[in-house]
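For reference, the structure is listed below as structure tokens.
Readers should treat all values here as calculations from the given coordinates under stated rules, not as data from a laboratory. For clarity, every value in this text was computed on a predicted model and none was experimentally measured. Here the Cβ is made from the backbone with ideal geometry for all residues, glycine too, and neighbour counts use every protein chain on show.
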Amino acid sequence: MQKATTLCLLVLLLMGCNSTINKEQMDITRIKIDPSEAIKPVKFSKLFVDLKYIQLETDKNCVIGNIDKIIHTENKIIIMDSYITKSIYIFDTDGKINSVINKSGRGPGEYTELTDFTFDSNDNNILIFCGATHKLLFYSLDGKFINELNTNFQANFIQYISPDRLAFLFDYKPENRFIFNSKYPNLLITNKKGRPIHKDIYFRSSINFQVLVQSLLPFSNINENIKGLKIQYNDTIYHLTRNSIVAKYYIDFGDLALNEKFWDLIERGDDKMAVNNYLGETGKCNIIMLHETDSFIFILYNRYTEYHYVFYSKRTEKIIDLVKGLKPGEKPIPLINDIDGYSDFIPITTYKDKFYYIIESSIITKMKRDNNINTFNPDIQDLLDKTTEYSNPIIVEVRIKDF
């Protein structure tokens, strides 16, 4: 285990209603990660407690093609299937289906592309963003269309911040109307009507975004007032509130961090294979996924053919870095599942201090046929009996032990 150190940085950007920006002195926590100090895979039971299975109801009107995003609220589980069914599914927290939003089309209240969605916890509404038409659509939790507006910009992600603030992430896509000093903003803060209030986290206009891999679930719903943001190829974790954007944590890989040579490669317009070759040849560390709660940060990063799971405790500032190499026929997950014997911890969302990941029903039925399931967990048998290959996926809820 390693310790994180703290250093001082001028990073707080206060955003008033008139969009003026003030700078105040804030502490940014440096989380130092040394891949050479990573340890071999450990058992589930050493890290996790309170494993719970949520079987999503399946019926003729609710067959999920793929889960691309989940938002867990106080009493709902909201799921987006962007490409197969182009639908939003609203479940109770016990997995019972409540309603489905399936409005693919070009008319009022319809979207041609399900780019992203967020949940307005103040009005209890679902906000869907259609990047193709630039539309922001508002729906109730029972799936009824409320209204829509045109934002006049294209973004990859949307996040509710407060009753009058939304965040849009361009993810290195240039938006010409916002160019400033030959740079584009990655982040745009707007009001609920999509009117720009503040632009931030700029990148050079010479960067070729087409050779970059899109960010994977960049926003974290830390709590009601604070949202986390981790952009691809950026080792800083930002905290967003109604009035501020704070660089809160810096993931410090030392000499193994992405550097100017990487961005020079991007500017030359090389293809994605050249970028991947550079990462493979230099052994630079690249963060693939990050989730943050009030108490923990989970980081998935890779170096060469090794994949690392990092668990960081905010309370103790301790780090657990687990590593597993990529081998034929094996998943690069550095955990040994001694709880149910088959589910893989690849978190897709968080709520409070709980992490959530998915088990596809096809995996369960295959392992049942192969007689390759450990049923020593008493909570699993009923789930196994109810699952068929046509069932919707199962969501697993788990909590990280204090360390």
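Worth a mention:
- Residues Leu141, Leu136, sorted so that the one with the fewest Cβ neighbours within 10 Å comes first: Leu141, Leu136
- In the chain, the calculated helix contribution to ellipticity at 222 nm averages -2500 deg cm²/dmol per residue, counting -39,500 (n - 2.57) for every DSSP H run with n ≥ 4.
- Tail weight of P(r) past 15 Å, computed on alpha-carbon pairs of region 222-271, percent: 58 percent
- Flagged links, alpha-carbon separation over 29 Å, of Lys32/Lys401; Lys32/Lys366; Lys193/Lys227; Lys227/Lys386; Lys69/Lys193; Lys43/Lys368: Lys32/Lys366; Lys227/Lys386
- Net charge of neighbours whose Cβ lies under 13 Å from the Cβ of Ile67, counting Lys and Arg as +1 and Asp and Glu as -1: -2
- Ordering Ile90, Ile400 from the fewest to the most neighbouring beta carbons within 10 Å gives Ile400, Ile90.
- Extreme residue, positive dipole direction of the chain, given options Asn276, Gly65, Tyr202 (C-beta unit charges): Tyr202
- Between region 185-200 and region 220-255, the alpha-carbon center distance in angstrom: 17 Å
- The convex hull of the Cα atoms of the chain, projected and averaged over all directions, covers 20.0 nm².
- Spin-label pair Thr241/Thr316, simplified geometry with 7 Å Cα→Cβ offset, distance in nm: 2.8 nm
- Neighbourhood charge, 13 Å Cβ-Cβ cut-off, centred on Asn98 and excluding it, Lys, Arg +1 and Asp, Glu -1: -2
- Dipole magnitude of region 2-400 about its Cα centre (Cβ charges: Lys, Arg +1; Asp, Glu -1), debye to nearest 20: 640 debye
- Long-range tail of P(r) for region 42-97 (Cα pairs > 19 Å, %): 37 percent
- Gain upon complete extension [Lys401, Ser104; 0.36 nm per residue less C-alpha separation]: 102.7 nm
- Shown is the FRET efficiency for Ile336 and Gln381, computed with R0 = 30 Å from the Cβ-Cβ distance and rounded to the nearest 0.05: 0.90.
- What separates the Cα centres of region 279-308 and region 82-129 is a distance of 30 Å.
- Peptides 183-195, 277-289 ordered by average Cβ neighbours within 10 Å, highest first: 183-195, 277-289
- As a rough guide to protection, the peptides 232-240, 380-388 ranked by mean Cβ packing within 10 Å, highest first, stand as 232-240, 380-388.
- Estimated translational diffusion coefficient (Stokes-Einstein, Kirkwood radius over Cα pairs, 10 °C, 1.306 mPa s) of region 65-205: 102 µm² per second.
- Stokes-Einstein diffusion of region 259-403 at 4 °C, 1.567 mPa s viscosity, Kirkwood radius from Cα pairs, rounded to a whole number: 73 µm²/s.
- Summing Lys and Arg as +1 and Asp and Glu as -1 over all other residues whose Cβ lies under 10 Å from the Cβ of Phe403 gives a net charge of +3.
- Among 143-149, 321-327, sorting by the average number of other beta carbon atoms lying within 10 angstrom of each residue, highest first, gives 321-327, 143-149.
- Relative exposure of Glu360, Glu260, judged by other C-beta atoms within 10 Å (fewest first): Glu260, Glu360
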